[in-house]
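*Asks:* Quick one: structure below, then a few questions.
The values are calculated or read from the model by the stated rules, or taken from the named source; none is laboratory data. Values in this document were obtained by computation on a predicted structure and should not be read as measured data. Here Cβ is always computed from backbone atoms with ideal geometry, including for glycine, and neighbour counts include all displayed protein chains.
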Amino acid sequence: MPIERVAIIGAGMAGLTAALSFARHGIACDIFEEADALVEVGAGLQVSPNASRVLSTLGVLGRLEAVWTEPERIALVSGMSLRPLAHVPAGRFARERWRAPYGVLHRATLQKALLSAVEQDPLCTLHLDTPVREDAQGSLPRITGKTYPLIVGADGVWSSLRASIPHSPKPDFSRNVAWRFTIDQSAAPSWLAANQVTAFLGPSTHVVAYPLKEVGGFNIVAIASGISPGETWDAEASEAQRAMLLSQFHRWDRRIADLLAKAERPTFWPLYEVSTGRWHNGRDRVLIGDAAHAMMPFAAQGASMAIEDAFMLANRVAGSLPLAQALSAFESERTGRIARVRARGLFNRFAYHARGPLRFGRDIVLSLRPPQSLAADLDWLYGFRPE
Ligand SMILES: Cc1cc2nc3c(=O)[nH]c(=O)nc-3n(C[C@H](O)[C@H](O)[C@H](O)COP(=O)(O)OP(=O)(O)OC[C@H]3O[C@@H](n4cnc5c(N)ncnc54)[C@H](O)[C@@H]3O)c2cc1C
């Protein structure tokens with residue numbers, strides 16, 4: 001007998017997608033978000049076909065297609081010389097091969113599209129300015145007067161709900177830091193291609209650039225080694241932090257090094273990973289998205305995995321299994337896929353950040369791989385159907 005109502009902690013990608021996914025099965029949701037408004041936090045996101053397929057099923061994709069960009073390819077380019085190394089076709093190719101689009105957009109655009117679908121669904125109620133920290137099972141009925149057979153922790157990498165789940169995973173600093181900024185189209189150099197996602201590769205560092213319609217320019221992310229300032233998500237970079245970043249790009253092509261040096265208001269994101277551990281307590285609590293398995297952005301899959309999780313959890317909970325078994329089934333079907341995506345991210349990290357002779361070997365191997373064959377390597381990831 002499926003449950004009638006769930007509580008969801010957090011209104012990020014995971015929480016909002018979960019609300020729509022539960023509502024699709026007739027299950028009502030109260031979503032509790034600590035922020036008093038869903039403001040424009042973050043920067044660009046790549047939404048790959050495995051996630052856009054879910055968003056299409058939930059009726060959200062149309063709102064995104066009107067505003068996002070579908071890049072023609074994901075290009076790998078040497079950061080030392082700007083020489084193209086290889087590419088994976090996207091654009092129309094992605095729609096045909098993986099039967100769903102590949103798009104790039106601002107995180108706030110995706111959040112707003114999900115939010116507006118949630119607001120229009122009579123089964124979903126969003127409670128802003130409502131942090132839920134300890135004793136969720138005790139505090140939630142005091143807020144809404146309702147009890148919840150299931151509480152979903154979609155509260156991100158610093159999840160509070162995680163503490164109430166025995167043997168749950170822990171966040172670890174990856175020793176890598178992402179630096180993000182945007183540049184206006186009018187200030188963009190001509191070598192930044194507006195029709196593709198470009199990953200510039202260099203020793204122990206890489207830079208990803210892609211167009212963002214919402215800012216009328218480009219989203220730039222540079223990843224290098226760094227120290228963590230603690231539980232901050234989107235902090236302004238200090239002069240010292242910026243100097244540390246730039247020093248790691250001194251052997252790069254001058255044009256990229258200059259672009260980084262001139263970046264206005266870059267933000268500083270320490271990259272935390274949430275290691276393996278239990279995602280549910282066998283009774284009434286479960287973690288999804290970054291709360292369960294935050295990962296490095298080397299495969300650009302964190303939000304996409306959060307979206308898949310949310311959809312598959314709702315399918316399981318609405319199915320025929322008793323709740324405890326549904327939670328176990330959810331965890332076991334997701335852990336294998338998350339491990340594979342993480343492994344892909346580690347592989348990308350190894351390839352992107354290769355140094356010395358490994359770098360030359362990488363460039364030769366990549367130049368021998370036709371675009372179609374690189375795309376075939378991603379069929380398991382982008383062609384995934386969570387149904
Ligand atoms: C540099 C970088 C680049 C990235 N690029 C990509 C990409 O291209 N593609 C991709 O798929 N992913 C990407 N990601 C990953 C992606 O941003 C995250 O995986 C995704 O946003 C996680 O979504 P979430 O909903 O699980 O968590 P969050 O987005 O962190 O949402 C958690 C929500 O919970 C709320 N909350 C927290 N605590 C509480 C509480 N106690 N009570 C109530 N509310 C609470 C928060 O305010 C927030 O709204 C990138 C990440 C980084 C750092």
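*Asks:* Given the structure, is residue 183 among the aliphatic types (A, V, I, L, M), surrounded by fewer than 15 Cβ atoms within 10 Å (Cβ to Cβ) and either within 19 Å of residue 37 (Cα to Cα) or under 24 Å from the mean Cα position of the chain (by Cα) (or both)?
*Replies:* Values: among the aliphatic types (A, V, I, L, M): yes; surrounded by fewer than 15 Cβ atoms within 10 Å (Cβ to Cβ): no; either within 19 Å of residue 37 (Cα to Cα) or under 24 Å from the mean Cα position of the chain (by Cα) (or both): yes.
So residue 183 does not fit the description; no.
*Asks:* Residues in the range 239-279 that are in contact (Cβ under 8 Å) with a residue 12 or more places away in the chain and part of a loop (DSSP other than H, G, I, E, B): how many? Walk me through how you get there before you give the answer.
*Replies:* Just the residues of the range 239-279 that are in contact (Cβ under 8 Å) with a residue 12 or more places away in the chain, to begin with: 241-242, 244-246, 248-249, 251-253, 255-256, 259-261, 263-279.
Filter once more, so that each one left must be part of a loop (DSSP other than H, G, I, E, B): 248-249, 251-253, 263-266, 275-279.
Summing the residues that are in contact (Cβ under 8 Å) with a residue 12 or more places away in the chain and part of a loop (DSSP other than H, G, I, E, B) in the range 239-279 gives 14.
*Asks:* Could you give me the residue pairs with C-beta distances under 6 Å whose first residue belongs to the range 280-305 and is within 7 Å of the ligand (Cβ to nearest atom), whose second residue is among the aromatic types (Phe, Trp, Tyr) wherever it lies, and which are 6+ apart or on separate chains?
*Replies:* Short answer, once both residue conditions are applied: 294/272.
Residue-wise test of (1) β-branched (Val, Ile, Thr); (2) buried (at least 20 other Cβ atoms within 10 Å of the Cβ); (3) farther than 30 Å from residue 66 by Cβ.
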| position | (1), (2), (3) |
| --- | --- |
| 106 | no, yes, no |
| 128 | no, no, no |
| 132 | yes, yes, yes |
| 138 | no, no, yes |
| 142 | no, no, yes |
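Condition check ((1) basic (Lys, Arg); (2) more than 23 Å from the chain's Cα centre (by Cα); (3) at pLDDT 95 or above) across all residues:
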| residue | (1), (2), (3) |
| --- | --- |
| 338 | no, no, yes |
| 348 | no, no, no |
| 356 | no, yes, no |
| 362 | yes, yes, no |
| 365 | no, yes, no |
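*Asks:* Another question about this same structure. Restricting to the range 335-346, name every residue that is within 24 Å of residue 58 (Cβ to Cβ) and crowded, with 17+ Cβ neighbours inside 10 Å.
*Replies:* Answer for the range 335-346, where residues must be within 24 Å of residue 58 (Cβ to Cβ) and crowded, with 17+ Cβ neighbours inside 10 Å: 337, 338, 341.
*Asks:* Where in the range 24-135 are there helices (runs of 4 or more DSSP H), lying wholly inside it, with at least 2 residues that are closer than 17 Å to residue 289 by Cβ, within 16 Å of the ligand (Cβ to nearest atom) and within 21 Å of the chain's Cα centre (by Cα)?
*Replies:* Numbers: elements: 49-57, 61-65, 91-97, 107-120.
Once the helices (runs of 4 or more DSSP H) in the range 24-135 are filtered for at least 2 residues that are closer than 17 Å to residue 289 by Cβ, within 16 Å of the ligand (Cβ to nearest atom) and within 21 Å of the chain's Cα centre (by Cα), what remains is 49-57, 107-120.
*Asks:* Return the residues of the range 201-221 that are under 20 Å from residue 48 (Cβ atoms) and assigned to a strand (DSSP E or B); say none if nothing qualifies.
*Replies:* 201, 206, 207, 208, 209, 210, 211, 212, 218, 219, 220, 221
*Asks:* While we're on this one: Kindly check whether there is at least one residue in the range 242-253 that is away from the ligand (no atom under 11 Å from the Cβ), modelled with pLDDT of 95 or more and of a type in the set (D, E, K, R).
*Replies:* yes
*Asks:* Only one of 9, 31 is farther than 30 Å from residue 366 by Cβ, touching a Cys at 6+ places or on another chain (Cβ under 8 Å) and buried (at least 21 other Cβ atoms within 10 Å of the Cβ); which? Even if it seems obvious, please write down each step before you answer.
*Replies:* Numbers: 9 fails: touching a Cys at 6+ places or on another chain (Cβ under 8 Å).
Residue meeting the stated conditions: 31.
*Asks:* Right, next: Residues of the range 153-176 being away from the ligand (no atom under 11 Å from the Cβ), surrounded by 14 or more Cβ atoms within 10 Å (Cβ to Cβ), under 23 Å from residue 322 (Cβ atoms) and at pLDDT 95 or above, which ones? Even if it seems obvious, please write down each step before you answer.
*Replies:* Residues of the range 153-176 that are away from the ligand (no atom under 11 Å from the Cβ), as a first pass: 164-173, 175.
Next cut, surrounded by 14 or more Cβ atoms within 10 Å (Cβ to Cβ) only: 164-165, 168-169, 171, 173.
Remaining after also requiring under 23 Å from residue 322 (Cβ atoms): 164-165, 168.
Matches in the range 153-176: 165, 168.
*Asks:* While we're on this one: What pairs come up if the first residue lies in the range 1-30 and is under 26 Å from residue 106 (Cβ atoms) and among the small types (Gly, Ala, Ser), the second is away from the ligand (no atom under 11 Å from the Cβ) and not in a strand (DSSP E or B), and their beta carbons are under 7 Å apart, counting only those six or more places apart or on different chains?
*Replies:* 18/313; 18/314; 19/118; 21/58; 21/311; 21/314; 23/121; 23/123
*Asks:* Taking residue 349 as meeting all but one of (1) farther than 24 Å from residue 272 by Cα; (2) surrounded by 16 or more Cβ atoms within 10 Å (Cβ to Cβ), write down the number of the exception.
*Replies:* (1)
*Asks:* Only one of these conditions is not met by residue 150: (1) over 20 Å from residue 20 (Cβ atoms); (2) more than 15 Å from the ligand (Cβ to nearest atom); (3) crowded, with 16+ Cβ neighbours inside 10 Å. Which number is it?
*Replies:* (1)
*Asks:* Output the residues belonging to the range 1-14 that are within 6 Å of the ligand (Cβ to nearest atom) and either in a loop (DSSP other than H, G, I, E, B) or within 14 Å of residue 308 (Cα to Cα) (or both).
*Replies:* Let us first name the residues in the range 1-14 that are within 6 Å of the ligand (Cβ to nearest atom), namely 9-14.
Within the range 1-14, 10, 11, 12, 13, 14 meet the criteria.
*Asks:* Looking at 332, 328, 304, can you tell me which residue is assigned to a helix (DSSP H, G or I), out of contact with any strand residue (DSSP E or B) (no Cβ under 6 Å at 6 or more places or on another chain), among the hydroxyl-bearing types (Ser, Thr, Tyr) and surrounded by 19 or more Cβ atoms within 10 Å (Cβ to Cβ)?
*Replies:* Working: 332 fails: surrounded by 19 or more Cβ atoms within 10 Å (Cβ to Cβ); 328 fails: surrounded by 19 or more Cβ atoms within 10 Å (Cβ to Cβ).
Every option except 304 fails the conditions.
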